[in-house]
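To start, the structure under review is shown below, and the notes come after it.
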């Protein structure tokens, strides 16, 4: 297989649906890559899944850059997208440009940032500078404090029209794809039909051109997962059992063996 790139992602629309996921370290990135995952997102969800935070907000650029580097060194075929953490692009376009350049230099093929029409000028500047952007509209986790929790967006016609307008704005600004998170499936279908770029759904129904799942959720490493998640394995039980067996054997003196 040739490496996934932005042009190949664009051409997948209407041809094949893409199953994409997150990864935050070299080990799991290598496994996802070998399994044929086309896009690996080094999401700011690493804050909740790898660093123990309750939201994505505390994630720093240093966290992102370390994780992007690890994933990029392991993934040979997948397109690696680095999430721009909260605060890395909200404080002015010049700072945002420097931070996006740092994510690309760390090894990412593209960056992802949240927001619609409000960030369209920044997306245009980034893409003009040669930095591919995967946009993100609908429920944007970095706005969790404004929402009062992780809540579905676009439920009224007025709210749906705003999400649609945001999606069109990021497309016009040059984004090569857009994440649609936690919106009604009917709205996701409307947006997917209206856009020429790829839509990547997470909690947005089956009509999107591609899907995201958080690695820890799909592998069954997290005990609690959103209702839209399907667990494709129960690694938590396997890993817990392996740890327990190791502890028991050391305690019993059977590991390591005498020989």
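Summary of values
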quantity	calculated
Positions within the range 168-192 being in a loop (DSSP other than H, G, I, E, B), under 19 Å from residue 122 (Cβ atoms) and either out of contact with any helix residue (DSSP H, G or I) (no Cβ under 6 Å at 6 or more places or on another chain) or without any contact (Cβ under 8 Å) to a residue 60 or more places away in the chain (or both), in sequence order	174, 175
Test: residue in the range 150-167 that is in contact with a strand residue (DSSP E or B) (Cβ under 6 Å, 6 or more places away or on another chain), part of a helix (DSSP H, G or I) and either modelled with pLDDT under 95 or closer than 13 Å to residue 184 by Cβ (or both)	yes
Residue within the range 25-43 that is touching a strand residue (DSSP E or B) at 6+ places or on another chain (Cβ under 8 Å), in a helix (DSSP H, G or I) and either without any contact (Cβ under 8 Å) to a residue 24 or more places away in the chain or over 22 Å from residue 198 (Cα atoms) (or both) present	yes
One residue from 209, 217 being more than 14 Å from the chain's Cα centre (by Cα) and under 22 Å from residue 32 (Cα atoms)	209
All helices (runs of 4 or more DSSP H) inside the range 72-148 with 3 or more residues being buried (at least 20 other Cβ atoms within 10 Å of the Cβ)	93-106, 120-128
Single residue of the range 196-224 satisfying the filter (in contact with a helix residue (DSSP H, G or I) (Cβ under 8 Å, 6 or more places away or on another chain) and part of a helix (DSSP H, G or I)) that is nearest to residue 23 (Cα to Cα)	215
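The values are calculated or read from the model by the stated rules, or taken from the named source; none is laboratory data. Quick caveat, the model's predicted, so the values are computed rather than measured. Positions of Cβ are generated from backbone atoms using ideal geometry, with glycine treated the same way; all protein chains shown enter the neighbour counts.
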